[in-house]
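Undergrad: Okay, handing you the structure first.
The values are calculated or read from the model by the stated rules, or taken from the named source; none is laboratory data. Because the structure is predicted, anything quoted here is derived from the model rather than measured. Ideal geometry is used to build each Cβ from the backbone, glycine not excepted, and the neighbour counts take in all protein chains shown.
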Amino acid sequence: MIVRNCSGGIVFYANQVFLLQNEKDEWVLPKGKIRNEDSPIDTSLERVKQEAGIDAEILSSAGESSYEFYSVTRKKPVCNQITWYIMKAKNKDFTVNYDLGFKNGGFFKIDEAMEMITYSQDKSLVNLSYKKYKDLMKSMVNA
């Protein structure tokens, strides 16, 4: 089995979270493989920028997840281990990168996003991260 270390961002703007629709019509979060000597933090910021055109800042770590799939091109099973970060978009601007195979994307209200997200693991991640995000934003206002 091939094990790939990846990282990604759960990007919030006000009471919305950013989702991408991939080539399989799945609604997912921006993420990618950590390459060379890149750090998980740099990779997550870079993937959010590359896949969604979003300038974001990291507020906190959000935890880790993993999933396995069979790679038809490699003819082997692959395990993606993902380090996630809670991010805040600097504004609501985004540009879906169609060249990477994405079909759609946008900021969605949390309730709507929870209905759209394809994988239950991602739903849990967004739900927990949103609670943490709200707490972090409150503490910044009260500081």
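Undergrad: With the structure loaded, tell me whether Lys90 is surrounded by fewer than 19 Cβ atoms within 10 Å (Cβ to Cβ) and at positive phi or whether it fails that test.
TA: no
Undergrad: Only one of these is surrounded by 12 or more Cβ atoms within 10 Å (Cβ to Cβ), aliphatic (A, V, I, L, M) and modelled with pLDDT under 95: Val48, Val78. Name it.
TA: Val78
Undergrad: Of the residues that sit in the stretch 42-85 and are in contact (Cβ under 8 Å) with a residue 60 or more places away in the chain and among the hydrophobic types (A, V, I, L, M, F, W, C), which one is farthest from Asn22 (Cα to Cα)?
TA: Only one residue tops the list, namely Leu59.
Undergrad: Within the bounds of the stretch 20-34, is there any residue that is over 17 Å from Leu125 (Cβ atoms), in contact with a strand residue (DSSP E or B) (Cβ under 8 Å, 6 or more places away or on another chain) and either surrounded by 15 or more Cβ atoms within 10 Å (Cβ to Cβ) or small (Gly, Ala, Ser) (or both)?
TA: Yes - at least one qualifying residue is present in the stretch 20-34.
Undergrad: Conditions first: (1) more than 14 Å from Leu125 (Cα to Cα); (2) loosely packed, with under 14 Cβ neighbours inside 10 Å. Asp38 passes all but one, so which condition is the exception?
TA: Only one criterion in (1) more than 14 Å from Leu125 (Cα to Cα); (2) loosely packed, with under 14 Cβ neighbours inside 10 Å is unmet by Asp38, namely (2).
Undergrad: Condition (residue is touching a Pro at 6+ places or on another chain (Cβ under 9 Å), without any contact (Cβ under 8 Å) to a residue 60 or more places away in the chain and of a type outside the set (Val, Ile, Thr)) applied to the stretch 28-36: is it met by at least one residue?
TA: no
Undergrad: Which pairs have Cβ atoms under 6 Å, sit 6 or more apart or on different chains, and link a residue in the stretch 114-130 that is surrounded by 14 or more Cβ atoms within 10 Å (Cβ to Cβ) to one that is in a helix (DSSP H, G or I) and among the basic types (Lys, Arg)?
TA: Within 6 Å, the pairs are Met114/Lys123; Ile117/Lys123.
Undergrad: So which residues in the stretch 17-34 are under 23 Å from Leu59 (Cα atoms) and out of contact with any helix residue (DSSP H, G or I) (no Cβ under 7 Å at 6 or more places or on another chain), if there are any at all?
TA: Within the stretch 17-34, just Lys33 meets the criteria.
Undergrad: Being among the aliphatic types (A, V, I, L, M) and in a loop (DSSP other than H, G, I, E, B) is the filter here, so list the residues in the stretch 76-101 that pass it.
TA: Hit for the stretch 76-101 is Val96, nothing else.
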